[in-house]
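Take a look at the structure set out below.
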Amino acid sequence: MASPSRSGVFDSASDSRLEQFCESISFDRRLYEVDIEGSSAHAQMLAVQGLISGKECDQIIEALEAIRGELDADTLPMRTELEDVHMHVEQALIDRLGDVGRKLHTARSRNDQVSTDFRLWIRAQLDLVDGLLADLQRAFLGRCEADFDVILPAYTHLQRAQPVLASHYWLAYIEKLARDRQRLADCRSRVNICSLGVAAVAGTSMDIDRKFTAEKLGFDDVTRNSLDTSSDRDFVVESAFVLTMIAQHLSGWSEEWILWSTEEFGFLKIPHAFCTGSSIMPQKVNPDVLELTRGKTARVVGNLQTLLVLIKGLPLAYNRDLQEDKPPLFDSFDTVIACLQLAIPIVSGSTLQRDRIASRLEHGYLDATTLMEYLMKKGLPQRTAHHLVGSLVGEAMKRKIPLSEMPLDAMQEAGVSVDNSIFDVLGTANAVRAYVSYGSSAPEQVRQQMKYWTALLS
Ligand code: ARG
C-alpha cells in the first residue's frame with residue numbers, strides 16, 4: 001500500500017529502506033488514544049464550522065471509536081509504510097468510511113496533530129506523576145509522627161554536624177518534592193496550550209475555530225503563532241527537566257538510604273520485599289531498588305541531554321528531527337513513574353533502627369555548635385567561642401568522652417567560664433531543644449511544619 005502522504009508528485013514508490021528508517025509507529029503507537037481524542041474534537045469542530053456535515057462527523061466519531069477498540073485489542077495491523085500512529089488511525093478510518101474518512105484531515109497537518117497529541121499525552125502523564133509525588137510526600141509525612149522522638153545526626157560533608165529530629169529529615173524530602181510539584185504545575189501550564197489548527201506552518205485558509213477544539217480537549221488556550229507552534233518542543237524539554245529534577249531527588253534519597261541501611265550506619269531497615277539476595281553470599285540483603293533508582297537517574301539525565309541536542313540549531317519550523325523527541329521523553333516518564341511507585345512503599349515500610357541510632361548518637365560532638373552559641377549568649381564573641389569550644393572538643397576527644405561528661409572544672413581550665421546551666425545545652429536532646437529559629441529542627445518548628453503539610457496533603 002502506498003503511503004497516504006505520497007501525493008501525485010512522486011514518480012516512484014518509496015524505497016523500503018526509507019520506510020524502515022523514517023517510521024515511528026514502533027514507538028508512537030502509544031499515542032493512539034490521544035490521537036483519537038484529538039481527531040474526534042477536530043471532526044466536531046469541522047462539523048460546527050460546516051466543513052463536514054453532522055452526519056459525516058457522527059460516522060467519523062463512531063469509526064474512530066471502533067478503531068480505538070481494535071488498537072486496545074491490538075488487532076489493527078501495524079505497517080511501516082504508514083509511518084506513524086496518526087497515519088494508521090487515518091488509514092483505518094479511510095478503509096472504513098472511504099471519502100468521508102478522507103475529509104478528516106481537512107485544515108490539519110501531522111505537524112499540528114503530533115504536537116497536540118503529545119501535549120495531551122504529556123498532560124495526563126504529568127498529572128499521574130503529580131499524584132505519585134503527593135503520595136510520596138504523604139509517605140514521608142506519615143513517618144513524621146511515628147518517628148517524632150528519634151534524633152538523627154545531620155551531616156555536612158557526610159561528617160556528623162548537628163542533631164536533628166528524624167521528622168526534620170522527612171520534612172526535608174517533602175519540601176524537595178513540593179518544589180518538584182510546583183515545577184510540574186508550571187510546566188503543565190505551558191504544555192496545556194492547543195497547537196491544533198496551525199496546520200503545517202502558516203495556518204489555513206479554511207474557516208476553522210481553534211478555540212472550539214481547544215476547549216473540547218481541555219486545553220487552557222490556543223497557541224498564538226503558527227510558525228512558533230510548528231517548531232516548538234520547549235514543552236517536551238521542560239517536561240524532561242521536571243522529570244530530571246525528580247529523578248535527582250530520588251537518586252540523592254536512594255544514596256542516603258543505601259548508606260543508612262549499611263552495617264556501618266545501621267540507621268535503617270528497608271523492607272525485605274524491596275531487597276534482593278546474592279547468588280553466592282547467603283547472608284546478603286541488598287538494596288537493589290534504591291541502587292537502580294540511583295542508576296536509572298543516569299538515563300533520565302541522558303534523555304534531557306538528548307532532547308536539548310535534538311532541538312539545538314533547528315530552523316523554523318517543523319523538521320523531521322522532531323520525531324525523535326518521543327523515545328527519550330517516553331523513557332523519562334516510564335523511568336520516573338516506576339521509581340516513584342517503588343519509593344512510596346519503601347519510604348512508608350522502612351524502619352529506623354532506634355537502638356543502633358541512640359547508641360552512637362552522642363558520638364561526634366553534635367552538640368558543639370549549640371555549646372558555642374550558649375557561650376555567645378553569655379557574651380563571648382563568635383570567633384572566641386568557636387575557638388574555645390574547639391579546644392574543649394579536643395580535650396574531650398583525648399579523654400574519649402562526650403562534652404556532656406566533661407567536668408565543670410576541666411571546662412573552666414580550658415578557659416570557659418561557666419556554671420552548671422551549661423549542661424542544659426549539652427547532649428543531643430538538649431541541643432535539639434535549644435534551637436529556636438524558623439525552619440530549624442526545634443521540636444515546635446517541626447510540629448508546625450507537620451501541621452502545615454498535614455493540612456496541605458490531606
Ligand atoms: N511522525 C511524525 C513526527 O512525529 C509526524 C509528522 C510528520 N510530518 C511531516 N511533515 N513529515 O514528527
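The values are calculated or read from the model by the stated rules, or taken from the named source; none is laboratory data. Remember, predicted model here, so these are calculated numbers, not experimental data. Counting neighbours? That spans all protein chains shown, and the Cβs are built from the backbone with ideal geometry, glycine included.
Details
- Within the stretch 142-151, if we keep just the residues that are over 27 Å from the mean Cα position of the chain (by Cα) and in contact (Cβ under 8 Å) with a residue 24 or more places away in the chain, the residue that is surrounded by the most Cβ atoms within 10 Å (Cβ to Cβ) turns out to be ILE151.
- Checking GLY313, GLY364 one by one, the residue that is in contact with a Pro (Cβ under 8 Å, 6 or more places away or on another chain) and at positive phi is GLY364 and no other.
- Restricting attention to the stretch 284-303, the residues that are part of a loop (DSSP other than H, G, I, E, B) and modelled with pLDDT of 95 or more add up to 1.
- When residues of the stretch 353-364 are limited to those that are of a type outside the set (Lys, Arg) and over 19 Å from THR156 (Cα atoms), the one surrounded by the fewest Cβ atoms within 10 Å (Cβ to Cβ): ASP355
- Every condition in (1) part of a loop (DSSP other than H, G, I, E, B); (2) within 16 Å of the ligand (Cβ to nearest atom); (3) hydrophobic (A, V, I, L, M, F, W, C); (4) within 31 Å of the chain's Cα centre (by Cα) is met by LEU120 except one, and the failing one is (1).
- Residue match in the stretch 127-142 (condition: part of a helix (DSSP H, G or I) and closer than 30 Å to LEU227 by Cβ): yes
- Residue that is farthest from the chain's Cα centre (by Cα) [pool: residues in the stretch 423-454 that are over 29 Å from PRO407 (Cβ atoms) and charged (D, E, K, R)]: GLU444
- Residue within the stretch 53-60 that is within 16 Å of the ligand (Cβ to nearest atom), surrounded by fewer than 20 Cβ atoms within 10 Å (Cβ to Cβ) and in contact (Cβ under 8 Å) with a residue 12 or more places away in the chain present: no
- Selection from the stretch 81-102 of residues that are touching a residue at least 24 places away in the same chain (Cβ under 8 Å) and more than 16 Å from the ligand (Cβ to nearest atom): ALA92, LEU93, ILE94, ARG96, LEU97, VAL100, GLY101
- The helices (runs of 4 or more DSSP H) found wholly in the stretch 365-436 and carrying at least 3 residues that are under 19 Å from GLN159 (Cβ atoms) occupy 368-377, 382-399, 428-434.
- Applying the set (1) under 30 Å from ALA146 (Cα atoms); (2) in contact (Cβ under 8 Å) with a residue 24 or more places away in the chain; (3) in contact with a Phe, Trp or Tyr (Cβ under 9 Å, 6 or more places away or on another chain) to SER231 leaves exactly one unmet item: (1).
- Criterion applied to ALA154, ALA73 was being surrounded by fewer than 22 Cβ atoms within 10 Å (Cβ to Cβ) and touching a residue at least 24 places away in the same chain (Cβ under 8 Å), and the one residue passing it is ALA154.
- The set of residues from the stretch 304-358 being part of a helix (DSSP H, G or I), away from the ligand (no atom under 13 Å from the Cβ) and over 24 Å from the mean Cα position of the chain (by Cα) comprises ARG354, ASP355, ARG356, ILE357, ALA358.
- Selected residue [farther than 23 Å from GLN323 by Cβ and in a helix (DSSP H, G or I)] from ALA92, ALA47: ALA47
- Among the conditions (1) assigned to a helix (DSSP H, G or I); (2) buried (at least 23 other Cβ atoms within 10 Å of the Cβ); (3) away from the ligand (no atom under 16 Å from the Cβ), SER115 misses just one, which is (3).
- Residue match in the stretch 71-78 (condition: in a helix (DSSP H, G or I) and among the aliphatic types (A, V, I, L, M)): yes
- Close Cβ contacts (under 7 Å, 6 or more residues apart or on different chains) running from residues in the stretch 317-339 that are in contact (Cβ under 8 Å) with a residue 60 or more places away in the chain to residues that are near the ligand (Cβ under 8 Å from one of its atoms) and of a type in the set (Asp, Glu) comprise LYS326/ASP28.
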